[in-house]
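Written below as structure tokens is the structure these notes are about.
The values are calculated or read from the model by the stated rules, or taken from the named source; none is laboratory data. These figures come from a predicted structure and were not determined experimentally. What goes into the accessible areas is simple: the full protein's heavy atoms, side chains included, and nothing from ligands, DNA or RNA. Shrake-Rupley method; radii C 1.70, N 1.55, O 1.52, S 1.80 Å.
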Amino acid sequence: MSGLSRGAVERLGSPLATRVEVHEELRSTQERARELARAGAPHGTLVVSRIQTGGRGRLGRRWGSPPGGLWMSLVLRPGISTEVAARTTQSAAVGVAKALVELDVPARIKWPNDLLVDGRKVCGILAESSTQSVPVTAKRVGKGAGRPVDFVVLGVGLNANLDPEDLGVVGREVATLRSELGHDVDLTELLGAILSHLGAELGRIEDFGAILEDWRALNCTLGERVRVRRFGEMLEGIALDLGPEGELLLQTRGGVVELFEGEVEQLSRERT
Ligand code: BTN
């Protein structure tokens with residue numbers, strides 16, 4: 001693939017790219033990485049594809065993946081509980097945002113983990129975890145609560161060397177690195193920067209307060225009037241702050257609501 005080859009990726013020497021697959025075309029790097037993880041692939045297995053024919057986004061959406069983007073999924077075996085694994089998406093958003101800012105792309109994080117440039121999405125992140133099975137007699141406190149995570153598949157879809165029109169996204173504004181920078185980037189260098197920042201953020205995931213401080217410094221949601229779609233219901237209010245696990249604290253007419261998931265739409269650019 002143009003600018004990315006298995007050898008070049010391996011030469012990055014990243015602990016997050018110890019076993020590398022680079023494909024010309026795949027349905028989804030996420031599916032391939034999960035297949036490899038289920039078959040025992042180690043931490044740091046990285047799958048990249050030039051094209052995805054069935055790329056998946058959050059909430060079951062399709063993720064258009066023509067040539068020129070950076071479409072990648074990583075197998076992480078963090079040896080942590082489900083609660084800590086849930087921090088992966090926001091930690092990854094901080095890492096990728098830092099890599100983009102270093103490139104002079106002023107990326108900002110929309111809660112929980114979309115990366116936008118001037119309100120247009122440039123990168124999406126999808127983290128899916130699989131917990132270890134526990135004996136049926138074991139007491140369950142909640143869905144997967146306290147159980148060690150077997151693996152997390154972290155997918156990153158970054159609109160890099162392509163034009164926004166190439167993405168075929170109807171009705172939603174998108175940005176690409178090409179549209180922002182006015183030139184293409186070296187995908188191997190970009191991947192190297194992303195892996196390095198991801199490694200740094202994931203390496204301090206137990207110190208989530210510090211990651212959330214950086215998230216706050218890089219976000220474009222807090223202080224905004226937003227509408228949040230969650231499980232089919234709509235909530236409206238001011239995005240006040242994050243709670244200790246990255247949950248969004250939303251000031252609604254009825255009081256402050258804690259949101260652990262949902263799709264945010266920003267309604268205004270007013271600051272409180
Ligand atoms: C989102 O909805 O914002 C998340 C998008 C994640 C897309 C990436 S592209 C690489 C990996 N493979 C997939 O099928 N999805 C993720």
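Probing with 1.4 Å while keeping every protein chain in the model, the per residue accessible area of the chain equals 47 Å². Of the residues 46, 250, 235, the one that moves most in a GNM of the chain with alpha-carbon contacts below 10 Å is 235. Assuming a ≥ b ≥ c are the square roots of the Cα gyration tensor eigenvalues, decide whether the chain counts as rounded (a/c under 1.5), prolate (otherwise, with a/b larger than b/c) or oblate. Oblate is the answer for the chain, as a/c is 1.5 or above yet b/c matches or exceeds a/b. Taking 43, 197, 183 as the candidate residues, the one with maximal mean-square fluctuation in a Gaussian network model of the chain, Cα springs under 10 Å, is 183.
On segment 10-61, 47 percent of the accessible area sits on carbon and sulfur atoms, based on a 1.4 Å probe. How high is the relative contact order of the chain, given as a whole-number percent (alpha carbon pairs under 8 Å, six or more residues apart)? This gives 17 percent for the chain.
Once the Cα gyration tensor of segment 11-129 is diagonalised, what are the square roots of 5 times its eigenvalues, in whole Å and ordered largest first, as equivalent ellipsoid semi-axes? After diagonalising the Cα gyration tensor, the semi-axes are 22, 18, 15 Å. Report residue 165's accessible area, 1.4 Å probe, all protein chains in place, as a number in Å² to the nearest 10. Its heavy atoms expose roughly 140 Å² to the probe.
When the surface is traced with a 1.4 Å probe over the full set of protein chains, residue 194 keeps roughly 0 Å² accessible.
In order along segment 178-185, the phi-based Karplus estimate (6.51 cos²θ - 1.76 cosθ + 1.60, θ = phi - 60°) of 3J(HN,Hα) comes to 4, 5, 7, 8, x, 7, 7, 10 Hz; Gly and Pro are listed as x. If you run the Gaussian network model on the chain, springs between alpha carbon atoms under 10 Å, then out of 87, 253, 120 the most flexible one is 253.
State the percentage of accessible surface on segment 211-269 attributable to carbon and sulfur atoms; use a 1.4 Å probe and exclude ligands, DNA and RNA. That share works out to 48 percent.
The heavy atoms of residue 186 offer some 80 square angstrom of accessible surface to a 1.4 angstrom probe. Listed values for segment 15-27 are Karplus-derived 3J(HN,Hα) couplings in whole Hz (6.51 cos²θ - 1.76 cosθ + 1.60, θ = phi - 60°), namely x, 9, 9, 7, 10, 10, 10, 10, 10, 6, 8, 9, 5, and x replaces Gly and Pro.
Note on exposure: 118, 184 ranked by accessible area (1.4 Å probe, complete protein assembly) read 118, 184, with the most exposed listed first.
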